[in-house]
Amino acid sequence: MRGDSEREILKVSAFLSTIVVFLIAGFVLWQGLPILRREGLFSFILGREWVPSKGRFGVYPMIIGSIFVTFGALLFGVPLGVACAIFLAEVAPEWMVRLFKPTIQLLAGIPSVVYGFFGLTAVVPMIRMYLGGTGFSALAGSIILAIMILPTIINISEDAMRAVPKEYKEGSLALGATEWETTIKVVLPAARSGIAASIILGMGRAIGETMAVLMVTGNTPHLPQVERNISPFLKVFWLFLEPVRTLTGNVVLEMSYATGDHQSALFATGIVLFIMIIILNVLANMAFNRR
C-alpha cells in the first residue's frame, strides 16, 4: 500500500515537471511567433542587423557570438576536464581523490556573477595587456565558460571511466600493455559514450550561461571582423579577440525596456536558444544510451 502511494507521488511529480516545461516552451513560442510570422524564420535567423529602433531584427551575429564563445570554452575545457578525470579515475590515490573531488564540485556551486567578476578583474586585463584590444572579447568569455563547465565534464567523465569493467584493464595489462596504454587504448574508448555526454552537457551549460558572459564579452551586436590580410588560422584567432554578443546576453540586456515587436523578437531569440538546447539534450541522451 505504501509503495503504491510513493509511486503515485513520483508519477505526479514527473507529470508536473513535464507540464512546467511545456508551459514555459508554449509561453515563449506564443510571445515570439508574431515577429517570426512577420519577418520569416530564416530572415530572423540569418539577418545580420539587430537595430530594434529601425525594425531590423536579425540574430545571426548573436548566434555566431554564442558559437564562438561555446566552442572556445570547449577548446579549453574539454582537454583539461578529460585529463583531470583520467587523473582522478586512474592515477590519483584515494586520499587525493577525497581531497580534490569536493573542490571540483564546489566550482559548480559558485554563482556565475562571481565568475564574471573574476573575468572582469583578471582575464580581461590580461588579454588587453598581452594580446591587445579592449580585452572584452569572445576569448574572455571562452576562458570563463571553460572554468564553469569543468565540474560537468570532470564528474561525468570520471564516473564513465570508473564504470569500465576491471576485466578490461586486467586483460590489457596481462597482454603486456602499460598502465598508460591501457588507459588510452582501453579505458577511454570503453568510456567514450559517457565522455561524449559530459562534453555535450558542458556545451549546453556554456551556451545557456548569461551573467558571466555578459560581463566580459563586450556585447556588441555585430559580426566579429578582421581586416588584416593574414592566414585563415590567425584570422580565426584574431576573431576571438573581437567583442561579441550571445543570444542569452541579448535577451538580458534589452528585455527590461523592450515593447511591441522588439519584445516579440527577444522572445523569438529565446525560441532559437530553446531549439539549440533541445538539440544538445537529444544528442546527450543518444550518447548516454549508446553502448
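The values are calculated or read from the model by the stated rules, or taken from the named source; none is laboratory data. Worth saying up front: this structure is predicted, and the values here are computed from it rather than measured. Don't worry about glycine lacking a Cβ; one is built from the backbone with ideal geometry, like all the others, and counts go over all protein chains shown.
Residue count for segment 46-73 under the criterion of being within 22 Å of Ser256 (Cβ to Cβ) and either assigned to a helix (DSSP H, G or I) or within 23 Å of the chain's Cα centre (by Cα) (or both): the result is 9. Within segment 4-44, the set of residues being surrounded by 14 or more Cβ atoms within 10 Å (Cβ to Cβ) and within 15 Å of Ser264 (Cβ to Cβ) comprises Val28, Leu29, Gln31, Gly32, Leu33, Pro34, Ile35, Leu36, Arg38, Glu39, Phe44.
With respect to being more than 20 Å from Gly202 (Cβ to Cβ) and not basic (Lys, Arg), Met96 fits the description. Being surrounded by 21 or more Cβ atoms within 10 Å (Cβ to Cβ), closer than 30 Å to Leu253 by Cβ and in contact (Cβ under 8 Å) with a residue 24 or more places away in the chain is a condition met by no residue of segment 86-98. The residues in segment 74-105 that are in contact with an Asp or Glu (Cβ under 6 Å, 6 or more places away or on another chain) and not in a helix (DSSP H, G or I) can be counted, and the count is 0.
Residues satisfying the criterion are absent from segment 129-136 (criterion: more than 19 Å from Gly72 (Cα to Cα) and touching a helix residue (DSSP H, G or I) at 6+ places or on another chain (Cβ under 7 Å)).
Could you list, in sequence order, all residues of segment 157-185 that are of a type in the set (A, V, I, L, M), touching a helix residue (DSSP H, G or I) at 6+ places or on another chain (Cβ under 8 Å), modelled with pLDDT under 90 and part of a helix (DSSP H, G or I)? Scanning segment 157-185 gives a single hit, Leu173.
If I filter segment 229-239 for residues that are of a type in the set (A, V, I, L, M) and either touching a Leu at 6+ places or on another chain (Cβ under 8 Å) or modelled with pLDDT of 90 or more (or both), do I get at least one hit? Checked against the condition, which is being of a type in the set (A, V, I, L, M) and either touching a Leu at 6+ places or on another chain (Cβ under 8 Å) or modelled with pLDDT of 90 or more (or both), segment 229-239 yields no hits at all. Within segment 8-27, residues that are in a helix (DSSP H, G or I) reach partners that are surrounded by 10 or more Cβ atoms within 10 Å (Cβ to Cβ) with beta carbons closer than 8 Å, at six or more positions or on different chains, in the pairs Ala25/Phe274.
Contact annotation: residue pairs with Cβ atoms under 6 Å, 6 or more positions apart or on different chains, pairing a residue in segment 238-260 that is over 9 Å from Thr217 (Cα atoms) with a partner that is among the polar types (S, T, N, Q) and assigned to a helix (DSSP H, G or I), are Leu247/Ser66; Leu247/Thr269; Asn250/Thr269; Val251/Thr269. Of Ala191, Ala197, Ala163, Ala177, all but one fail to be without any contact (Cβ under 8 Å) to a residue 60 or more places away in the chain and buried (at least 22 other Cβ atoms within 10 Å of the Cβ); the exception is Ala191. Out of curiosity, is Val226 surrounded by fewer than 21 Cβ atoms within 10 Å (Cβ to Cβ), modelled with pLDDT of 85 or more, over 13 Å from the mean Cα position of the chain (by Cα) and among the aliphatic types (A, V, I, L, M)? When the stated conditions are applied, Val226 does not pass them.
Hey, any hits in segment 209-219 for a residue that's of a type in the set (Asp, Glu), buried (at least 16 other Cβ atoms within 10 Å of the Cβ) and assigned to a loop (DSSP other than H, G, I, E, B)?
We begin by selecting, within segment 209-219, every residue of a type in the set (Asp, Glu); these are 209.
Add one more test, that the residue is buried (at least 16 other Cβ atoms within 10 Å of the Cβ), and what stays is 209.
With assigned to a loop (DSSP other than H, G, I, E, B) added as a condition, the list becomes 209.
Yes, segment 209-219 contains a residue that is of a type in the set (Asp, Glu), buried (at least 16 other Cβ atoms within 10 Å of the Cβ) and assigned to a loop (DSSP other than H, G, I, E, B).
Scanning segment 135-154 for residues that are surrounded by fewer than 24 Cβ atoms within 10 Å (Cβ to Cβ) and of a type in the set (S, T, N, Q) turns up just one, Thr152. Applying a threshold of 8 Å to beta carbon distances and a minimum spacing of six or more residues, or different chains, the list of pairs starting in segment 108-129 at a residue that is in a helix (DSSP H, G or I) and ending at one that is charged (D, E, K, R) and buried (at least 18 other Cβ atoms within 10 Å of the Cβ) reads Ser112/Glu209. Might you let me know whether segment 192-202 holds any residue that is touching a Ser or Thr at 6+ places or on another chain (Cβ under 9 Å) and not in a helix (DSSP H, G or I)? No, segment 192-202 contains no residue that is touching a Ser or Thr at 6+ places or on another chain (Cβ under 9 Å) and not in a helix (DSSP H, G or I).
Do you know which of the residues in segment 107-134 that are hydroxyl-bearing (Ser, Thr, Tyr) and surrounded by 15 or more Cβ atoms within 10 Å (Cβ to Cβ) is modelled with the highest pLDDT? So the residue we want is Tyr115.
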